[in-house]
Structure formats: structure tokens, C-alpha cells
Amino acid sequence: MLSFLAARQTGLDDPIRFRRAESTRRVLNLELNSDRDVAQIHGNGVNTLDIEVIEGRYMLSGGSDGVIAIYDLENNSKKPQYTCKAICTVGRSSRHVHKFSVETVQWYPHDTGMFVSSSFDKTMKVWDTETLKPAEVFQFEGNVYCHHMSPIARKHSLVAVGTKDPKVQLCDLKSGSRIHILQGHRGEILSVRWSPRYENILATASSDSRVRIWDVRRASGSLFTLDQYNGDKSKASSEAVNTAHNGRVNGLCFTGDGLYLLTTGTDDRMRLWNSASGENTLVNYGKVSNESRKGLKFTVSRGCSPEFVFVPCDSSVAVYALHTGELVTMLRGHYNNVDCCEFHSDYQELYSGGKDCNILAWVPVVRHADVEDEKATSARGGTQSVANPAFEDAWSSSDED
């Protein structure tokens, strides 16, 4: 790192190259932080997490007990050992609390003054953060498995909602009503994700083994259905029998640039797709254990080279190299199955929640040997090498996505 800093200061190296290299090094050194605890609020499993992107300071959690908590991730005590405390909760004593399991929570992408939660009590609630009261409540006929707001949308304020009904619901935050449905799936909708690249593109996953890509401006149906065998994409979506997995598809996640889409299914497989063409890239991640009957919340790193995927896998979090499928490491620390994880791109940290009611913080560890190597390398005027040769391109590539 010291050699990178010297090269950056003298103008010999691109700052982007240094930033990506350091981000990659930090992700490769993630470990369970023994000095940082997250207060245990939930009496049952933790289903969902979300970190706001405005300040990168506050984290939402939702649990099987119906409780919602907001944590302050900042170390206000300035002590080496500290606990991220819940600054407020919507607990069982609140008359506004969800009656059953909270499946998804999400901060409003442009303002921390609002967040949205959805639950098995057949509701989606839009909350005022200041008062912790619902500003809007949407009622549905079946359990709500998931919802998602676009991280980039400026021309619409739609929330995509997946329920036990095979129709994807689109709710408008401005009007407070359901304005449209997307028809095409034949099973319950387990995951929905807006593209971080195009504000009108939506991906949906279902128990019918299919993943559909939609342009919500079109009324004629989905753009295409993902086919694990890379069949003919020219067929009309209504005629397509393509399947993305040989089981329920319960997880979706776009890469940060929106160029690729990751899917997980109960066939114990994870697949990487070109989001524009729908092509299966055929990256082999091996067996990715997945027995969840609900949505699986997994995440992708940001600003690394290569990028990494963090996937709940039984009682661990599996870390894969995005484009090669290589299993980098298994993060072990939970006592029961992990249901969700959230990557903090500001600090290259990871938070995971599971059925053991715990939220664990995984942070980059600076090893003494690494520091000594950096000092020796800098003294020789050489270039820094990384411990894992499989990721040397992180230190040699100066390209930015």
C-alpha cells in the first residue's frame, strides 16, 4: 500500500487503481470483528438488513418476530471495543408493528427520512423515520415476500412488490396506490430487483423456476425470460418455457454497474447472467446450499477488482469471485442458518443476520505481517504483491467499470 501511496502522490499512478486495489485487499481480509458487537434486538431470526447510502451510518433490520430496528454503526464511544446500538425500534409494544415476520426492509434511496418494510401480515408499510409511524400502508391478498425501490429512479417512484400472487405489483409512493401489475409468472414472487443502470428495468424471480426481465413502460409483457440453456431469446415471452433454475428461484442481485444479474435457486446453484442479452455466462460456482422457502438476501461487493459475491450458505457466508466462480473463503460465526447479508461499500465491511437472532460484523483485518511486507516493499521501491495470486489483477489493473 505504501508504494501505491507514493506513486499516487508523485502522479505516477492512477488514484482509481490504488482505491480498487485497497478495496480488494480489505475484502480478502474480512474476519469476524471481536471488538464490535451489534445489539441483539430480535427475539427470532433476522430476515433482512439494509444500510442507507446517504451517510452510510444507519442500518435497518427486520425479523421473524415482526420487529424493525435502526442501528447506528458509528463508534460514538471512540473506544476499541463497542456495540452498535439500536437507536430506535418498532417493537411488539407498538400498535404499528407488523403482526408477522418482516421479510424485507429498505431505506428510501434518496433520503433517510423514510423507509419501507413488507411482511407476512400481507402489508407493506412506508415509515416516517422521525415518528416511526406508517405514512402509508398497502394491503395485499397474500403474504408479501419482497419489495424493492429503484436506487436511481428520478422519473418514477414505483415500488415493485412480490407476494403469494403470481402477479408482480407496482405501487406508486406519490399517489399511494397500486397502479399496475406485471403478469407472466405462474408461482409466488420470491424476489424483485430494479436495475441500478436503467430505472425502468425490473427483474423478478418466482417459485415457477423462472426469472423475467421487464421494462415497466411496456404493457405487452416481459422483455425476455432467462434460460439456463441459453435458448432462443427471440421467442415471445408469453410462449417461452425457459427456466433459470431447476427449482424455486429465491434470490436476485444486480452487480453495481447493472451489467450482470446473479440468481440463486433451491437447486443449490447460483448463476451469473448478462442483464442486457439474458445470456447465461456459465460461471460455475459449484454447490451453493439453499434450502430457503422464502427469499434469500445476498449481495455483491463494490469497487473491487475482481468483484466478490457474499451468499448465505447454511450457517456461514460463502464468498465467491464473481466472474470465475472461485470460492474465496467461508465466513463462519453464526450458530444457525444465515438468511441475509449486506455489504457496506464505504468501508468494505459485511453485516450478516441469521436464525440465531444475531447480526455479525465482518471487517477487514490488518495483519502485522502485511504491514511489515509493505514497509519492506516500499523501502526497496518495488510494487506491492497480494497474498492470493488469483487476484493479482486487482493490483495491476487501472480500468474502472
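For region 292-373, a/c is not less than 1.5, where a ≥ b ≥ c are the root eigenvalues of the C-alpha gyration tensor, and a/b tops b/c. That puts it in the prolate class. Taking amide H positions as modeled 1.01 Å from N, with prolines and chain starts lacking one, the residues under 5 Å from residue 329 and 5 or more places away or on another chain are 319. Annotation note: trypsin sites (Lys or Arg not before Pro) in region 242-314 located in DSSP loop regions with a Cβ neighbour count of at most 13 within 10 Å are 287, 293. Neighbour counting of Cβ atoms within 10 Å sorts the residues 34, 119, fewest neighbours leading, into 34, 119. Distant-in-sequence amide contacts of residue 144, defined by a placed amide H-H separation under 5 Å and a gap of 5 or more residues or a different chain, comprise 119, 120, 121, 122, 123.
Go ahead and set up a Gaussian network model of the chain, Cα springs under 10 Å, then flag whichever of 155, 85, 355 fluctuates most. Of 155, 85, 355, the Gaussian network model singles out 155 as fluctuating most. Largest mean-square fluctuation among 148, 180, 344, in a Gaussian network model of the chain whose springs join Cα atoms under 10 Å apart, belongs to 180. In loop segments of region 278-333 as defined by DSSP, the GluC sites (Glu not before Pro) with at most 11 further C-beta atoms inside 10 Å of their C-beta are 291. Seen from residue 335, the other residues with C-beta closer than 11 Å to its C-beta sum to a net charge of +1, counting Lys and Arg as +1 and Asp and Glu as -1.
Holding the Cα-Cα limit at 25 Å, pick out from 99/133; 167/355; 122/355; 99/294 the pairs that are longer than that. Over 25 Å apart, Cα to Cα: 167/355. For residue 352, what charge total do you get from the other residues with a beta carbon under 15 Å from its beta carbon, if Lys and Arg give +1 and Asp and Glu give -1? Around residue 352, the surrounding residues sum to -4. Identify which of the listed values of Cα extents along the principal axes in Å was calculated from the structure shown: [x] 86, 52, 40; [y] 82, 57, 41; [z] 67, 54, 39. Step by step, Cα extents along the principal axes in Å for this structure corresponds to label [z].
Taking a sphere under 14 Å around the Cβ of residue 362 and counting the other residues whose Cβ falls inside, with K and R at +1 and D and E at -1, yields a net charge of -2. Potential lengthening of the chain between residue 29 and residue 79 amounts to 15.8 nm, from the contour at 0.36 nm per residue minus the alpha-carbon distance. Here's how it looks for residue 191: its modeled amide H is under 5 Å from those of 205, which are all 5 or more places away or on a different chain. Qualifying chymotrypsin sites (Phe, Trp or Tyr not before Pro) in region 266-309, where qualification requires a DSSP coil assignment and no more than 16 other C-beta atoms within 10 Å, are lacking entirely.
Readers should treat all values here as calculations from the given coordinates under stated rules, not as data from a laboratory. This structure is a prediction, so every number in the text was calculated from the model and none was measured. FYI the Cβ positions are ideal-geometry reconstructions off the backbone, even for glycines, and counts take in every protein chain you see.
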